[in-house]
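The values are calculated or read from the model by the stated rules, or taken from the named source; none is laboratory data. Note that the structure is a prediction, hence the values are computed from the model and not measured. Neighbour counts are summed over all protein chains in view; Cβ atoms, including those assigned to glycine, are modelled from backbone coordinates with ideal geometry.
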Amino acid sequence: MTEPAQALQEIREDIDHAARIARRKGADVTLIAISKTKSAEEIEPLLEAGHRVFGENRVQEAQAKWPELKARHPGVELHLVGQLQSNKADDAVALFDAIHSLDRSSLVQALAKAFGKAGRTVPCFVQVNIGDEDQKGGCAIADLPALIAEAREAGIPVAGLMCVPPLDVEPSPYFALLAKLAAENGLEGLSMGMSSDFESAVKVGATHVRVGTALFGARG
Ligand SMILES: *Cc1c(COP(=O)(O)O)cnc(C)c1O
C-alpha cells in the first residue's frame, strides 16, 4: 500500500473508533482529504485507493488540478474550504460540489446569482468565527441567525456550520459550541476537525472532518 493510502486507512479507523465512543456510526462522518498545495501526482494514490472526497482552499489552484483528475476518476466530490471572493462564485459553483466558507451577506447574494446562472445548487456550510478572533474569517456568532435566514430565503441549500477553532487551545469546547449553534438553527451538518483534532470533533458530532497533513504529510 502507498503511504497516503495507508494513512487513509488509519484515519478512517480513528474516525470509526471516535464515533463508537460517542455511540455514532463512523459511516456518518465524511472524511474530506484536503489536497491544497499537493500535486496531482501526490493526490493520485488516494484516488487509486478509492477515496473520492477532496477539499481545496483556492479556486484557481483547484481549477488547475481537478478537471483532469475528475475526468480520470469518476465520482469525485470536491469541497471548497477556503475563503471565497464574490467575483469567483461562478467558477466555484462550476467546479465544487460543496462550499464550506459561506460567511457574509454579499457572498449569499453572489452564490444565489451563480446558482441561478449555472442551473444547479451545491450544499453550503456557513463558516462561524467560533473563537471570536479578529484575524479569522467567518460569520460572528451574533450575526449567524440572520445570515442563515438570508441564505435560506435566497434559495441556498444550507447544509450546516463550519469552523476552525483558535490555535493552540483545547478545541472541544468550540466544537461543542458549533454543534449547539447548528441545533439551534435546525442544521445537521457540522464541518469541524482537522489533522490534529478530528477525533475530538467526531466525538461531539462532526459530520465532515477536513484532514490534510495527516494524510499527505506536511505542506512545503
Ligand atoms: C488546510 C485546511 C485544513 C486541513 O488542515 P490540516 O491541519 O492539514 O489537516 C482544514 N480546513 C481548512 C479550512 C484548511 O484550510
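Going by the conditions given, is Q83 assigned to a strand (DSSP E or B) and either of a type in the set (F, W, Y) or in contact with a Gly (Cβ under 7 Å, 6 or more places away or on another chain) (or both)? When the stated conditions are applied, Q83 does not pass them.
Comparison of A214, A151 shows that the only residue that is assigned to a helix (DSSP H, G or I), surrounded by fewer than 23 Cβ atoms within 10 Å (Cβ to Cβ), within 10 Å of the ligand (Cβ to nearest atom) and not charged (D, E, K, R) is A214.
A search for C-beta distances below 6 Å between a residue of segment 196-219 that is farther than 23 Å from A179 by Cβ and any residue that is more than 9 Å from the ligand (Cβ to nearest atom) and part of a loop (DSSP other than H, G, I, E, B), counting only pairs 6+ apart in sequence or on different chains, returns F216/K38.
E133 fulfils the conditions (1) acidic (D, E); (2) closer than 30 Å to R20 by Cβ; (3) within 16 Å of the ligand (Cβ to nearest atom) except for a single criterion, (2). V108 meets the conditions (1) among the aliphatic types (A, V, I, L, M); (2) more than 17 Å from T207 (Cα to Cα); (3) touching a residue at least 60 places away in the same chain (Cβ under 8 Å) in every case but one. The failed one is (3). Taken over segment 175-211, the criterion of being within 14 Å of the ligand (Cβ to nearest atom) and not aliphatic (A, V, I, L, M) is satisfied by F175, S191, G193, S195, S196, D197, F198, E199, S200, H208, R210.
Would you confirm, using the coordinates I've provided, whether A183 is in contact (Cβ under 8 Å) with a residue 12 or more places away in the chain, closer than 27 Å to A27 by Cβ and of a type in the set (A, V, I, L, M)? So A183 fails the test.
The listed residues are A112, A5, and the only one of them that is at pLDDT below 95, more than 16 Å from the ligand (Cβ to nearest atom) and not in a loop (DSSP other than H, G, I, E, B) turns out to be A5.
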